[in-house]
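Step one of this worksheet: look at the structure below.
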Amino acid sequence: MAEILKGKIVADSIKEEMRKNIEILKGKGINPTLGIIRLGSDPSDVSYEKSIIKACSAMEIEAKVFERETSMTTNELVELMSELNMDDSISGILLFRPLPKHIDENIIRNSISPDKDVDCMHPLNLEKIFEGNMTGFAPCTPKAAMEILLYNKVELEGKNVVVVNRSMVVGKPLVMMLLEKNATVTICHSRTKKLNEVTKAADVVVTALGKPKFFTNDFFNEDSVVIDVGVSMTEDGKLSGDVDYENVEGLVSMITPVPGGVGSVTTTILLNQVVQAAMK
């Protein structure tokens, strides 16, 4: 039976340090504040926004929502971004993506202040990670995966780690974070041949394919540490990770659940980066 790596314990540990920093900031008259930019009213965006506001409230972080129409132009969004960059009351900025297709996302990525870029959208913050500099803001999901591994004292130095994702949001920055810990990393994706043979030979496997229950026992060994980043819906409408959790749990040594794993740490990472931005 695997050791279940629950995200709440890791999140609570991060929150403990956050509360100390928030107290220091408030003693100086500084209120950590997250500016949320949402275009339109997509139900998933609205739901995520509510969860972030609730999380902010629990940590005494202020959240300000800037809702605009999806018809907003690239220039208008750049102007709004510039206003928030210059607003000293806003510590960090979160822009919900994907953006409407008529908006040039590359221009927008470059318009956010790197010092307020708590979701790691600006190329300069990504560049830091690829240079091995972990002092800036990191993408929240791969950072959450790393925090779970580190909190649970999973040995990474010299270990074989397979990351099944090659995006700039998860896979590529996570690879750099793992390399910084001296892991030996293999990056895979949906077109990797004999994927199960690659993952089965690894010490740690991080999955982020977005295919529910794709990874069965055939992909792991009894010593595998499995970090499931994938979140999607099964055909019967249930939330699921990439891993066939019910069956794999009985084989591997450690595994994160979905829900209750990486996702529950991701929002905490975002809020912690708001606090770090306020401290800067």
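A single entry from Thr256, Thr199, Thr234, Thr267 fulfils the requirement of being hydroxyl-bearing (Ser, Thr, Tyr), surrounded by fewer than 22 Cβ atoms within 10 Å (Cβ to Cβ) and touching a helix residue (DSSP H, G or I) at 6+ places or on another chain (Cβ under 7 Å): Thr267.
Looking only at the stretch 138-161, residues that are among the charged types (D, E, K, R) and touching a helix residue (DSSP H, G or I) at 6+ places or on another chain (Cβ under 7 Å) come to 2 in all. For the criterion of being surrounded by fewer than 17 Cβ atoms within 10 Å (Cβ to Cβ) and at pLDDT 95 or above, Thr135 fails.
In summary, no helices (runs of 4 or more DSSP H) completely within the stretch 77-160 bear 3 or more residues that are under 17 Å from Asn272 (Cβ atoms) and more than 20 Å from the chain's Cα centre (by Cα).
Of the residues making up the stretch 202-219, those that are within 11 Å of Asp244 (Cα to Cα) and either in contact with an Asp or Glu (Cβ under 8 Å, 6 or more places away or on another chain) or surrounded by 17 or more Cβ atoms within 10 Å (Cβ to Cβ) (or both) are Lys211, Pro212, Lys213, Phe214, Phe215, Thr216, Asn217, Phe219.
Residues of the stretch 125-167 that are in contact (Cβ under 8 Å) with a residue 12 or more places away in the chain and over 30 Å from Ile4 (Cβ atoms): Asn125, Leu126, Phe130, Gly132, Gly136.
If you go through the stretch 255-269 and pick out every residue that is over 18 Å from Asn165 (Cβ atoms) and in contact with a Ser or Thr (Cβ under 8 Å, 6 or more places away or on another chain), you end up with 1.
Listed here are the residues, each with its yes/no results for (1) part of a strand (DSSP E or B); (2) touching a Ser or Thr at 6+ places or on another chain (Cβ under 8 Å); (3) within 28 Å of Val229 (Cα to Cα); (4) among the small types (Gly, Ala, Ser).
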site	(1), (2), (3), (4)
Glu17	no, no, yes, no
Leu25	no, no, no, no
Ser51	no, yes, yes, yes
Lys54	no, no, yes, no
Met72	no, no, no, no
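Kindly establish whether Glu147 is within 23 Å of Ala11 (Cβ to Cβ) and among the acidic types (Asp, Glu). Taking the combined requirement at face value, the residue satisfies it. Just one of the listed residues (Thr216, Thr234, Thr256) is touching a strand residue (DSSP E or B) at 6+ places or on another chain (Cβ under 9 Å), of a type in the set (Val, Ile, Thr), in the same structural domain as Ala145 (by TED's automatic domain parsing) and closer than 30 Å to Ile14 by Cα, and it is Thr256. Arg97 meets all of the listed conditions (1) at pLDDT 95 or above; (2) within 26 Å of Gly263 (Cβ to Cβ); (3) charged (D, E, K, R) but one, namely (1). For the stretch 48-96, the set of residues classified as without any contact (Cβ under 8 Å) to a residue 24 or more places away in the chain and under 20 Å from Asp115 (Cβ atoms) consists of Glu79, Glu83, Met86, Asp88, listed by residue number.
The values are calculated or read from the model by the stated rules, or taken from the named source; none is laboratory data. Just so you know, these numbers come straight off a predicted model, no measurement behind them. Positions of Cβ are generated from backbone atoms using ideal geometry, with glycine treated the same way; all protein chains shown enter the neighbour counts.
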